[in-house]
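Just below is one structure, and these are the notes that go with it.
All of the numbers you see were taken from the coordinates with simple rules; none came from a lab. Keep in mind that what you see is a predicted model, and the values were worked out from it rather than measured. We place every Cβ from the backbone using ideal geometry, glycine too, and count neighbours over all the protein chains shown.
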Amino acid sequence: MAIRILNTELVNQIAAGEVVERPASVIKELIENALDAGARQIDIEVEKGGVALCRVRDDGSGIPKNELPLALARHATSKISSLDDLEHVVSLGFRGEALPSIASVSRLTLTSRTADADPGWHVRVIDGEISQPAPASHPPGTTVEMRDLFFNVPARRKFVRSDTTEFQHIARHVERLSLSRFDVAFSLTHNQRRVVSLAAAMNRGARQQRVAAICGSEFLQHALFVEHAAAGIRLHGWIALPTFARAQPDLQFWYVNGRPVRDRQLVNAARVGYRDVLFHGRHPAYVLFLELDPARVDVNAHPTKQELRFRDGRSVHEFVLRTLARVLSETRPGAQAIGPAAKESLWVRAVSERASAMESQGASPQVGMALGEPSLRFDLSAVRSGNGAGPAAGGGEFPLGFALGQLHGVYILSQSADGLILVDMHAAHERVTYERLKRLAAGQESAPQVLLVPVTLDVSMSEADYAEQHRAEFERLGFEIDRLSPTQLLIRQVPALLARTDIGALVHDVLADLRERDASLRLEDRGMELLATLACRTAVRAHRTLTITEMNALLREMERTERADQCNHGRPTWMRLSMADLDRLFLRGR
């Protein structure tokens, strides 16, 4: 075939292949145009999943009569005029391809009126030809009506799914865009039935109501509000607690300068920020807004503008990661308590007296365990002042209360100011140990202990290879491990934190675990995996009987430890049943 210039209609249909994937793509482009026009009310109507009809009406600035045909021309836009504008673009749509692309694969009518014009005007696209503007009755704003999508492209029509499936995609786009602009009211109607109605949200409470309407009230009940700014970057929004993790990444909303995006770099930063607290295979939930200088981000990287590029991606990644990690580090008992600490109450004194009686009857205050078992090594200064149960001098009530006993050697039962606390002692001790090991690896704690008698350990050749390859990582934690032979290791030094454990069994188990997972671990994850495995292996096991003093020591450590609300696998470490919860269970007062 000879080289020739394609006709305008074919060019528009080729462009439509990039812009118009399905009816939801049409809705997205039209809503973005409405938002760029300054709309404060956007009404969306669809029929038969959007294939038969997509109508978007707004109360924005409108389009003058003489510019209506131009709005349907390719590469015509009012949003940029130079390369400098493109580098600082803040509007959602700027390519000038949406309307002509949509018009090339449907029957489109564009009606608009500016505030100073009367009446409004409309144009239609018929077989690729734009009609002359004609008068139309219309309030200030714009209405775009698209009918019979892909009527002239049967091959594309075959790929359209059922009405229900297509409408679900439309609803997701409307929800995502409604979260980007809380100051705009949205309504969505399908087959003459109102499905979504969202009033403008002008304060924090109203915004939270919109988030709850879209993400679910349970998300909001388990969410923390984030707001942090530094180095010209601002991050704010809501992140769910790790215990609200999802099986799918279906509640992850990212907005950059008000633009909904699906950026892998941002998703990865959030995932790493949750790394220490998320259960394996689960996904975090969040609604996050990132704001920075438009010149520092390139939004012209993808035809649908769903992806973007940062000029300095590493600094943005680090900012997001550290912000989320810092917020999540405060997820510990009592971290969000508001108001002054209450005075010591009767229940505190009752528990203190009970603990004192147990101590006087011979209950051992020591925290050690038999040789070969992991030990609880806690600072008991906070609990000894009250004989194992009372608050420290000058302190208020402790969020986790004071221990009453154990349940089946697995859970600690504790009485708090407003009810009952249940603590998974293994998960809790694992988190406490893990955070101490992290401080040790970071050089914030330095307490290696040289063994009087080095421990010789028989291992497999691959385990010995692993210990030799990652010797530096072990040394950072306080281990000194030498290789005596192809299948023998000599342990000369260990962290003081782990000195009372069975060192040989511990190192053997850790090497076996890490060798199995090493192939799937990236380099930066190996150190964290080593710490997590050490913490899990040294944490107190189920069915171990603890004294009241040991239980209270663990509760006090949890209150001082970052991320203590969940273990490093993401499992919750404790749960509260308030007196109101218990009253409901037993129908008291009814």
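Worth pointing out:
- Cα gyration tensor shape of region 8-198, rounded if a/c is under 1.5, else prolate or oblate by comparing a/b with b/c: rounded
- In this structure, the amide hydrogen of Leu224, modeled 1.01 Å from its nitrogen in the peptide plane, lies closer than 5 angstrom to those of Ile239, Ala240, Leu241, counting only residues at least 5 positions away or on a different chain.
- Table column - 3J(HN,Hα) (Hz), region 212-224, Karplus curve with 6.51, -1.76, 1.60, x for Gly and Pro: 5, 5, 9, 9, x, 5, 5, 4, 5, 5, 10, 9, 10
- Counting charges near Gly50 (Lys, Arg +1; Asp, Glu -1) among other residues having Cβ under 13 Å from its Cβ returns a value of 0.
- Packing rank of 237-245, 69-77, where each peptide gets the mean count of other beta carbons within 10 Å, highest leading: 237-245, 69-77
- Each other residue within a Cβ distance under 11 Å of Val11 adds +1 if Lys or Arg and -1 if Asp or Glu, for a net charge of -1.
- Cut-off 12 Å between beta-carbons: net charge of the residues surrounding Phe182, Lys and Arg +1, Asp and Glu -1: +4
- Sorting 44-53, 258-267 by their mean Cβ neighbour count within 10 Å, with the most densely packed peptide first, gives 44-53, 258-267.
- Under-5 Å amide H pairs with Val256, H placed in peptide plane, nonlocal only: Val261, Leu290
- Using θ = phi - 60° in the Karplus curve 6.51 cos²θ - 1.76 cosθ + 1.60, the 3J(HN,Hα) couplings for region 276-285 round to 7, 10, 9, 5, 4, x, 9, 10, x, 10 Hz; x is entered for Gly and Pro.
- Here's how it looks for Ala136: its modeled amide H is under 5 Å from those of Gly120, Trp121, His122, which are all 5 or more places away or on a different chain.
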